[in-house]
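Comments concern the structure below.
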Amino acid sequence: MGSEEVLLPVLNSTSKPPPVFDGTTRLYTAYTCPFAQRVWIARNYKVPCLEHNNKIKGESLDLVKYLDSHFQGPSLYPDDAVKLEFAQLQFANADAFGAAVITYLKGGSDLDSEICVLFDKLEEGLSKFNDGPFFLGRFSAVDIAYAPFIERYQPLLLELKSYEITETRPKLGVWIKEMDKIDAYKQTKRDSKELTSHIKRRVLVSHGA
């Protein structure tokens, strides 16, 4: 990596259709969507661009696995059976984690043990292996699954609840710093104010949070 990705303008209902593409891969994404960002990170880590054989898959983690198996580059999944089993568990929890934080924020309640437990489980997951700062030691699809949520929830919870998620969670703090060193991820990051404003406007505003 190393060169900064040039982002195309956002398309809307009045935009002209994109030009006919004569290659094999193209990535359609939404810059503020955490699920789309997962695929974007994986695309950057595996290949410089993406549109593949006119096939369309809509679920983000399925697309990450598809990218890993169809393109050259560092593997996003472990060979070790123990780590693979742990990875599958983390995948199952990732979307539930994302939804649980939003549900908590929609409720508008004061900070309580429930939200703390969600992030304590992340700290616990990052403590499972001692061979690197990431969930499986080295960077993997598990980090991709959680990164978009943490990118949004860290500033959002600090703003709305004065809650810093890395306090008393040193491994989570290190993980965030190490993620920021991954070019494939850095190129997908948006301004934190843009992301939090999007969530407050599109997700929380109608619930009085």
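The table that follows gives values for the structure above.
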{"quantity": "Residue-wise HN-Hα coupling along the stretch 143-156, computed from phi with Karplus coefficients 6.51, -1.76, 1.60 (Hz; x: Gly, Pro)", "calculated": "5, 5, 5, 9, 3, x, 5, 5, 4, 8, 7, 4, x, 5"}
{"quantity": "Three-way shape call for the stretch 81-207 based on the alpha-carbon gyration tensor, with the a/c threshold at 1.5", "calculated": "prolate"}
{"quantity": "Spatially near lysine pairs across the stretch 81-207, Cα under 16 Å, sequence gap of 8 or more or different chains", "calculated": "11"}
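Read the figures in this text as sums done on the coordinates, not as results from a lab. Note that the coordinates shown come from a computational prediction; the quantities given were computed from them, not determined experimentally.
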